[in-house]
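A quick write-up on the structure given underneath.
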Amino acid sequence: SDPYGGLLFLSAMIYRTFGAQQHAPLSLVVISAAVSALAILFGWAFARRNWGERVAQLTAWGLALYPETVLLGSSQMREAFLIPLITATFYGLARLRRERSWIGLAWLLSGILLTLFFSPPIIIVLLVSLVLAAFAIRDDLFQRHVAVPRWAWLVLAGVIGLALVGGWLAIRQFAPPEITNPLEVASYWLRKSVDLQAYFSKSASGWIQKIFRS
């Protein structure tokens, strides 16, 4: 039921806790649907703190009606957890910007760490996106005094370093041993992914087979 392994620990916990004697996929779907719905709240709060009520409403409706969120929110897929975790991370960034509070920093760190559990490669994309967002709001984020202890920034740097190492180790498993350069690993992974998708399209799609025969 879990093609990537990102939910195996959660599935095992559910079956161990409730002691199901048969396959019970809806047990995990209930949790994933409830967690996935939180993306609407975090997205609304993030947009409201940065651009106002009108943009927040559009963001909430967009997340509520976004097909990927609707479909994955009712499935046994890790994206049902990744989408709200990523929005929670950006919510923490926005709250840290506005309030300089521990709550914002806690959401930021928690989102990064929990995302690492579900999908280490996504961490790289998330960190790059957070850096871009931080620069986009740099007037408020960097010019004012941030009342956060120095050790808190060290913890944040440690979390980012751990996330980068975890993401690198996860991607590194897809490449042959002789490929060690990060750019070469990414290029190898993209080429193999495209080749695999092309193979699936050609072998599993009746229309594609019809086109090739023609």
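What helices does the chain hold that run 20 Å or longer along their axis, going by alpha-carbon atoms, with a Kyte-Doolittle average of 1.6 or more, using DSSP H for the helix calls?
102-118, 120-136
Which entry in (1) 1.03; (2) 1.11; (3) 1.20 is this structure's computed Cα Rg over 2.2 N^0.38 Å?
Computed from these coordinates, Cα Rg over 2.2 N^0.38 Å corresponds to label (3).
Report the FRET efficiency, 1/(1 + (r/R0)^6), for Leu183 and Trp102, where r is their Cβ-Cβ distance and R0 is 45 Å, rounded to 0.05.
0.75
Counting heavy atoms of the protein chains only and a 1.4 Å probe, report the per residue accessible area for the chain as a whole number of Å².
In whole numbers, the chain has 63 Å² accessible per residue.
Which residue, Val35, Met77, Gln57, has the largest displacement toward the positive end of the dipole of the range 7-108 when charges sit on each Cβ (Lys, Arg +1; Asp, Glu -1)?
Gln57
In nanometres, what is the gap between the two model label sites at Leu190 and Val30, each 7 Å from Cα along Cα-to-Cβ?
4.4 nm
Quick check on the chain: helices-only [θ] at 222 nm, where DSSP H runs of length 4 and up contribute -39,500 (n - 2.57) each and the sum goes over total residues. Nearest 500, please.
Rounded to the nearest 500, it is -26500 deg cm²/dmol.
Calculate what fraction, in whole %, of the accessible area of the chain sits on carbon and sulfur atoms when a 1.4 Å probe is rolled over the protein chains. Don't jump to the answer; show the numbers that get you there.
Details: 9210 of 13530 Å².
For the chain, the apolar C and S fraction of the accessible surface comes to 68 percent.
Assign unit charges at the C-beta atoms only (+1 for Lys and Arg, -1 for Asp and Glu), then state the dipole size of the chain relative to its Cα centre in Debye, rounded to the nearest 20.
Here the chain has a charge dipole of around 240 debye.
The values are calculated or read from the model by the stated rules, or taken from the named source; none is laboratory data. What you see is a predicted model, and the numbers here were worked out from it, not measured in a lab. No Cβ is skipped: glycine too gets one built from the backbone with ideal geometry, and neighbour counts run over all protein chains shown. The protein model used for the area step is the full one, side chains on, heavy atoms only, and it has no ligands, DNA or RNA in it. Shrake-Rupley method; radii C 1.70, N 1.55, O 1.52, S 1.80 Å.
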